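Below is one structure, written out as structure tokens, with a few remarks after it.
The values are calculated or read from the model by the stated rules, or taken from the named source; none is laboratory data. Quick caveat, the model's predicted, so the values are computed rather than measured. Using ideal geometry, Cβ is built from the backbone for each residue, glycine included, and neighbour counts are taken over all protein chains shown.
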Amino acid sequence: MRKYFLVLGFCFLGIAAFGQSKYAIKSFGGISGSRVATTEDYLGFGSVDMREFFEFGIILSRKMGDRFSFNSGVSYLSSKVDFIAGSSCINCTQIVIAHNPDFSMVSVPIFAEYALGKVFFVSGGPIIDFQLSERNNFDDLSGLGYFVGMGAKMKLRSFDLSLLPNYKRHGVVPFEKNEGAKYILQELGIQLRVGYNF
């Protein structure tokens, strides 16, 4: 656990290391449609279904020029997990389905945003994930992923409000390598952000 906090500390220090500039702090919440899939298909193996996917978090942003900003933060993700048994294990259905239905993960996004005028912007960068839940009936998704999005914002004096439709892919490069196929979590969702500029 100590190494996780060390990574978080370096992420925030990386933003501050650029020197003096205008900063913003943003809180956000979001919902997503999600899918867990393997890199290889196994006939009759079963599938994982995730529902009620929700996230919230905080972001520290540093503006660099009129259009570009560098961002990092931390978010908490939660979801319900259903395991649908396959046809290859008729007599062991109860064993396969037994799992922890509550999924949770902490993510550290490190990303850039570029303004396309006064309203629209594009956003993207890597994500560092730390899965908190265990026994969800799929491999640990802790590792490196990425996200991309395009959103719109509205400025209200020192505050700004933005909506960011986005795509995320978790577990692209897992911290622990497993033999055979690996699990990848994909999200297609939207975030609502409220920021304060100082």
Exercise for review: State all residues of the stretch 119-148 that are at pLDDT 90 or above and out of contact with any Phe, Trp or Tyr (no Cβ under 7 Å at 6 or more places or on another chain); if no residue qualifies, say none.
Suggested key: Val119, Phe120, Ile128, Asp129, Gln131, Leu132, Leu144, Gly145, Tyr146
Practice item. Being crowded, with 17+ Cβ neighbours inside 10 Å and aliphatic (A, V, I, L, M) is the filter here, so list the residues in the stretch 146-162 that pass it. Key: none
Check your understanding: Within the group Tyr196, Tyr167, which residue is out of contact with any Leu (no Cβ under 9 Å at 6 or more places or on another chain), surrounded by fewer than 20 Cβ atoms within 10 Å (Cβ to Cβ) and assigned to a strand (DSSP E or B)?
Key -> Tyr196
**Study point:** Any chance Gly65 is at pLDDT below 95, surrounded by 13 or more Cβ atoms within 10 Å (Cβ to Cβ), over 21 Å from Ile190 (Cα atoms) and not charged (D, E, K, R)
**Key:** no
Review point. Given the residues Phe111, Phe103, which is the only one that is assigned to a strand (DSSP E or B), at pLDDT 95 or above and surrounded by 19 or more Cβ atoms within 10 Å (Cβ to Cβ)?
Key: Phe111
Review point. Residues of the stretch 174-187 being surrounded by 13 or more Cβ atoms within 10 Å (Cβ to Cβ), under 20 Å from the mean Cα position of the chain (by Cα) and not aromatic (Phe, Trp, Tyr), which ones?
Key: Pro174, Lys182, Ile184, Leu185, Gln186, Glu187
